[in-house]
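The values are calculated or read from the model by the stated rules, or taken from the named source; none is laboratory data. All values derive from a computational prediction rather than experimental measurement. Here Cβ is always computed from backbone atoms with ideal geometry, including for glycine, and neighbour counts include all displayed protein chains. Ligands, DNA and RNA are excluded from the accessible area calculation, which covers all protein heavy atoms including side chains. Shrake-Rupley method; radii C 1.70, N 1.55, O 1.52, S 1.80 Å.
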Amino acid sequence: MKIVVCAKFVPDATADRRFRSEDNTVDRAGVDGLLSELDEYAVETALTVKEAGDGEVTILTVGPEQAADAIKKGLQMGADAGVHVNDEGIHGSDAVATSLILAKALSKLEADLVVFGMASTDGSMGVVPAMVSERLGLPAVTLGSSVTVDGDKVTIRRDGDTASDTIEGTLPLVLSVSDQSGEPRYPSFKGIMAAKKKPVETWTLGDLEISADQVGGSSAWTEVVEVTARPPRSAGTIVTDEDGSGATQLVEFLSTNKFL
Amino acid sequence: MSNVLVLVDHTGGKVRKTTAELLTIARRLGEPVAVYIGEGVQDALPTLGQYGATKVIALTNPELTQYLVAPKAEALQQVAAKIEPAAILISSNAEGKEIAARLAVKLESGLITDAVDVQVGDNNSPVTTQSVFAGNYSVQSKITHGTPIITVKPNAATPEAAETSPEVEEFDVAISDAAKTARITDSKPREATGRPELTEAAIIVSGGRGTGGDFGPVEAFADSLGAAVGASRAAVDSGWYPHAYQVGQTGKTVSPQLYVAAGISGAIQHRAGMQTSKTIVAVNKDEEAPIFELVDFGVVGDLHKVLPAATEEVTKRKS
Ligand SMILES: Cc1cc2nc3c(=O)[nH]c(=O)nc-3n(C[C@H](O)[C@H](O)[C@H](O)COP(=O)(O)OP(=O)(O)OC[C@H]3O[C@@H](n4cnc5c(N)ncnc54)[C@H](O)[C@@H]3O)c2cc1C
Ligand SMILES: Nc1ncnc2c1ncn2[C@@H]1O[C@H](COP(=O)(O)O)[C@@H](O)[C@H]1O
């Protein structure tokens, strides 16, 4: 079974994330990046499925030069191979264009099971998995919290807002997993050493038969008109509770602001 | 005037408040046409009319509700082909976003998710506002290709009534076999709490690791205020509260009138889900906790003392 994890390289959420003033795209050069923490859950799920049966896990990422770090992390965790789609023409792509690139790469890889994270920690639209599934004409089960594969039968549990559902599908299938799907493992020393020898291929848009006008900033179907930094919140009142004074003052505040 | 499609969000005919918000927004852009999937359209009709739906398209094919979201996206594509809407508005929840994503590919149209506001721009086209990077930036965008598809967050507009008496039009859709491949084989409904829905609530009281596992004081204070209850991921991961109530990057993004954080430190991923709340209050025993940088009012103290005392005081004042 060929398992492919789509994993994204994102700016570190704890760093000061910015927009580039020239073109209102996310500044990916100015800040440190890493494998999206939510995509680590996808890597973990893929490895667990592989260990429970058989298969080969490939990490697929679309992104600039540094995005190779995301693949490296996946390989260190235990994935077998990596594919990095890197091309000047990709800069500024929106979710629709990204889904096209991923879909073409996944077809080329002949994936049986595609595992996504629930959302990227920078864009966090959470739409790429559904778009890829639509393009590939494959069924998708999103936001899984547990996954088992038995032959070509896949069973997924999904804990939604109103119910906990069991969903059944058959391979080939597209899956996204939530952060409830099991703690991602840390790379072991052995894993880190082994990762250095694992194969990573770099593909360009040409390799995927995608023309430059199908992706990138100029092809985007949405346009950012304006970006404004949120004004900092003005400093509030802070009191220290002594013998119940905190509660009284709190309720007084709520009352003054008409919350009672 | 052109039609604006609104996908009705409902449970068995009971229309959710977000739909009233979508209809209100749709009226800024054109004439709202509501698309209703499933049984119970007659029960929904009064509310849809109250908020100005000029027509209701009812899709009752049972296959639409048996197989996750792919069939729903196919159905909307067929409806869109018929009425050629100027825009399509969908609630920004997990299912809504997935339908929108599929529709964007099918209709070759631009998609904007999680809008917190939608206004009218040049040529009557929508201009959206989104809140990004943990609420630190506000981004205005427009769609430049195809039929604008927008998923809209709860509380993006105040529902305004505009009474109409819409006719119901039954619409037959054909669902492809490919859309019927994954299916729900079992479903365990969550118990209703009787509290307001987290994403729609005007007031939310959330508890974190500082509760030590006892959500009693948090729930009691919430109930005294008529509030919804939320939780930090630390509380959810410890098994103290269900994930459906988690506020933050990987939980719900909320924007209530009042957000009370009790025993929550205010990590960036938690802030991402509540930073745009109108008024923020925190109770935390550590005066250095980052949550205090956000608050309008903060109490440095033990939540196990402060919340019960505050609950008592609220109850006294209210009676
Ligand atoms: C990819 C990713 C996604 C994440 N998504 C989310 C998310 O969606 N939501 C989320 O919340 N977190 C999320 N997190 C986790 C986040 O980073 C924090 O770990 C989490 O928010 C901490 O929860 P907490 O504030 O309850 O716990 P802590 O950080 O441990 O804080 C507990 C606070 O309680 C106070 N306290 C203790 N005892 C008392 C008492 N008796 N009375 C009053 N105060 C007391 C302490 O002073 C402390 O400030 C995510 C993390 C990652 C990496
Ligand atoms: N550039 C990318 N490269 C690889 N995977 C991606 C990329 N962008 C998004 N994904 C995948 O799609 C998921 C959802 O992303 P998003 O729709 O951007 O929130 C992520 O968790 C990843 O699994």
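What the table shows:
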{"quantity": "Selection within segment A:141-159 - in contact with a helix residue (DSSP H, G or I) (Cβ under 8 Å, 6 or more places away or on another chain), within 7 Å of another protein chain (Cβ to nearest Cβ) and open to solvent by less than 30 Å² (accessible area, probe 1.4 Å)", "calculated": "A:T142"}
{"quantity": "Lone unmet requirement of (1) away from ligand 1 (no atom under 16 Å from the Cβ); (2) assigned to a loop (DSSP other than H, G, I, E, B); (3) in contact with a Gly (Cβ under 6 Å, 6 or more places away or on another chain) for A:A119", "calculated": "(1)"}
{"quantity": "Within segment B:294-319, tally of residues that are surrounded by fewer than 19 Cβ atoms within 10 Å (Cβ to Cβ) and either of a type in the set (G, A, S) or under 11 Å from B:S224 (Cα atoms) (or both)", "calculated": "7"}
{"quantity": "From the options A:E201, A:E183, residue that is surrounded by fewer than 18 Cβ atoms within 10 Å (Cβ to Cβ), within 30 Å of B:R233 (Cα to Cα) and charged (D, E, K, R)", "calculated": "A:E183"}
{"quantity": "Residue in segment B:44-51 that is closer than 12 Å to B:F171 by Cβ and more than 13 Å from every other protein chain (Cβ to nearest Cβ) present", "calculated": "no"}
{"quantity": "In segment B:246-270, residue nearest to ligand 1 (Cβ to nearest atom) [restricted to those that are assigned to a helix (DSSP H, G or I) and surrounded by fewer than 24 Cβ atoms within 10 Å (Cβ to Cβ)]", "calculated": "B:Q269"}
{"quantity": "Segments classed as strands (runs of 3 or more DSSP E), wholly inside segment A:1-112, with at least 2 members that are crowded, with 21+ Cβ neighbours inside 10 Å and under 17 Å from the mean Cα position of the chain (by Cα)", "calculated": "A:2-6, A:9-11, A:56-62, A:81-85"}
{"quantity": "Scan of segment B:176-192 for residues that are open to solvent by less than 70 Å² (accessible area, probe 1.4 Å) and assigned to a loop (DSSP other than H, G, I, E, B), ordered by number", "calculated": "B:S176, B:T181, B:A182"}
{"quantity": "Selection status of B:R233, facing another protein chain (nearest Cβ under 9 Å) and within 20 Å of A:D12 (Cα to Cα)", "calculated": "yes"}
{"quantity": "Wholly within segment B:56-161, helices (runs of 4 or more DSSP H) carrying at least 2 residues that are under 30 Å from A:T166 (Cα atoms), open to solvent by 50 Å² or more (accessible area, probe 1.4 Å) and at pLDDT 95 or above", "calculated": "B:70-83"}
{"quantity": "Residue match in segment B:186-207 (condition: touching a Ser or Thr at 6+ places or on another chain (Cβ under 7 Å) and modelled with pLDDT of 95 or more)", "calculated": "yes"}
{"quantity": "Residues within segment A:46-66 that are within 13 Å of ligand 2 (Cβ to nearest atom) and closer than 12 Å to A:C6 by Cα, tallied", "calculated": "7"}
{"quantity": "Odd one out for B:V173, checked against (1) within 10 Å of chain A (Cβ to nearest Cβ); (2) crowded, with 18+ Cβ neighbours inside 10 Å; (3) not in a strand (DSSP E or B)", "calculated": "(1)"}
{"quantity": "Residue under evaluation A:N86, criteria (1) at pLDDT 95 or above; (2) polar (S, T, N, Q); (3) under 15 Å from A:Y41 (Cα atoms); (4) in contact with an Asp or Glu (Cβ under 7 Å, 6 or more places away or on another chain), criterion not met", "calculated": "(3)"}
{"quantity": "Count of segment B:270-316 residues which are modelled with pLDDT under 95 and facing another protein chain (nearest Cβ under 7 Å)", "calculated": "1"}
{"quantity": "Some residue of segment A:200-211 being among the charged types (D, E, K, R), assigned to a helix (DSSP H, G or I) and farther than 18 Å from A:V115 by Cα", "calculated": "yes"}
{"quantity": "Meets criteria (in a loop (DSSP other than H, G, I, E, B), within 14 Å of chain B (Cβ to nearest Cβ), touching a helix residue (DSSP H, G or I) at 6+ places or on another chain (Cβ under 8 Å) and among the hydroxyl-bearing types (S, T, Y)) for A:S181", "calculated": "yes"}
{"quantity": "Qualifying residue in segment A:83-94 (condition: touching a Phe, Trp or Tyr at 6+ places or on another chain (Cβ under 9 Å) and within 16 Å of ligand 1 (Cβ to nearest atom))", "calculated": "no"}
{"quantity": "Qualifying residue in segment B:212-232 (condition: more than 9 Å from ligand 1 (Cβ to nearest atom), among the hydroxyl-bearing types (S, T, Y), open to solvent by 10 Å² or more (accessible area, probe 1.4 Å) and at pLDDT 95 or above)", "calculated": "yes"}
{"quantity": "Subset of segment B:88-115 (residues that are within 9 Å of another protein chain (Cβ to nearest Cβ), touching a residue at least 24 places away in the same chain (Cβ under 8 Å) and among the β-branched types (V, I, T))", "calculated": "B:I99, B:I112, B:T113"}
{"quantity": "Hey, B:S141 among the hydroxyl-bearing types (S, T, Y), in contact with a helix residue (DSSP H, G or I) (Cβ under 7 Å, 6 or more places away or on another chain) and either in contact (Cβ under 8 Å) with a residue 40 or more places away in the chain or at the interface with chain A (Cβ under 9 Å from one of its Cβ atoms) (or both) or not", "calculated": "no"}
{"quantity": "Candidate set from segment A:225-260 (those that are hydroxyl-bearing (S, T, Y) and out of contact with any strand residue (DSSP E or B) (no Cβ under 9 Å at 6 or more places or on another chain)); member that is farthest from B:D296 (Cα to Cα)", "calculated": "A:T248"}
